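To start, the structure itself, in structure tokens.
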Amino acid sequence: MAKITLFVNEKDHVLNISPDTPLLYVLRNNLALNAPKYGCGIERCGSCMVLMDNEAMPSCIRPCSSLTQTKIITLEGLGNPTNLHPVQAAFMEEQAAQCGYCLNGMIISAKALLDRNLDPSDTEIRAALERVLCRCGTHSRIVKAVKNAAKKMRLNA
């Protein structure tokens, strides 16, 4: 065990954990942040995505000891029920979720894309989301939600 400090959702969290503990486990088990989900465990499905220094990255096998200087943001850190982030609001408005398992990864990936590009093409949106596996077939609504979020964010810029 070691004392490791992680900066998650704008707060320092001092944890007494094994240095090789995957970030996903710490988020869910130690910090009660349950938006990132365990899916595949090999960084292939995207359900465990978080923002690491503003980039959408899987958290399922990333050891916490490698993230002590990293700004980590989870879905819970984007907004809350009374003050949703524009991406969260757009996904709700477009009903872009069916089962919801991919939702965390889709929203996190969309946020990272829109932070870089507020006017992405459909091709750029699909490329940004391709790391997140969705089996429900809501892809057209997800693309529409990202476009809606981009519009909202452009208006707020």
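The values are calculated or read from the model by the stated rules, or taken from the named source; none is laboratory data. The model shown is predicted, which means the values in this text are computed figures rather than measured ones. Cβ atoms come from the backbone with ideal geometry, glycine included; neighbour counts cover every protein chain shown.
Before moving on, here are some points about what is shown:
- The condition (being surrounded by 19 or more Cβ atoms within 10 Å (Cβ to Cβ) and touching a Cys at 6+ places or on another chain (Cβ under 7 Å)) is satisfied by just one residue among Lys37, Lys144: Lys37.
- Within the range 18-49, the set of residues being β-branched (Val, Ile, Thr) and touching a helix residue (DSSP H, G or I) at 6+ places or on another chain (Cβ under 6 Å) comprises Thr21, Val26.
- Meets criteria (assigned by TED's automatic domain parsing to the domain that holds Ala127 and among the hydrophobic types (A, V, I, L, M, F, W, C)) for Ala96: yes
- Subset of the range 107-132 [out of contact with any Gly (no Cβ under 6 Å at 6 or more places or on another chain) and in a loop (DSSP other than H, G, I, E, B)]: Asn117, Leu118, Asp119, Pro120, Ser121, Glu130
- Conditions (1) under 17 Å from the mean Cα position of the chain (by Cα); (2) over 27 Å from Val146 (Cα atoms); (3) in a helix (DSSP H, G or I); (4) in contact (Cβ under 8 Å) with a residue 60 or more places away in the chain; number of the one not met by Asn104: (2)
- Residues satisfying the stated conditions in the range 76-87, i.e. part of a loop (DSSP other than H, G, I, E, B) and among the β-branched types (Val, Ile, Thr): Thr82
- Yes/no for Ala90 being modelled with pLDDT of 95 or more, within 17 Å of Arg131 (Cβ to Cβ) and outside any loop (DSSP other than H, G, I, E, B): no
- Being in a loop (DSSP other than H, G, I, E, B), more than 16 Å from the chain's Cα centre (by Cα) and either without any contact (Cβ under 8 Å) to a residue 40 or more places away in the chain or within 11 Å of Ile4 (Cβ to Cβ) (or both) is a condition met by at least one residue of the range 55-68.
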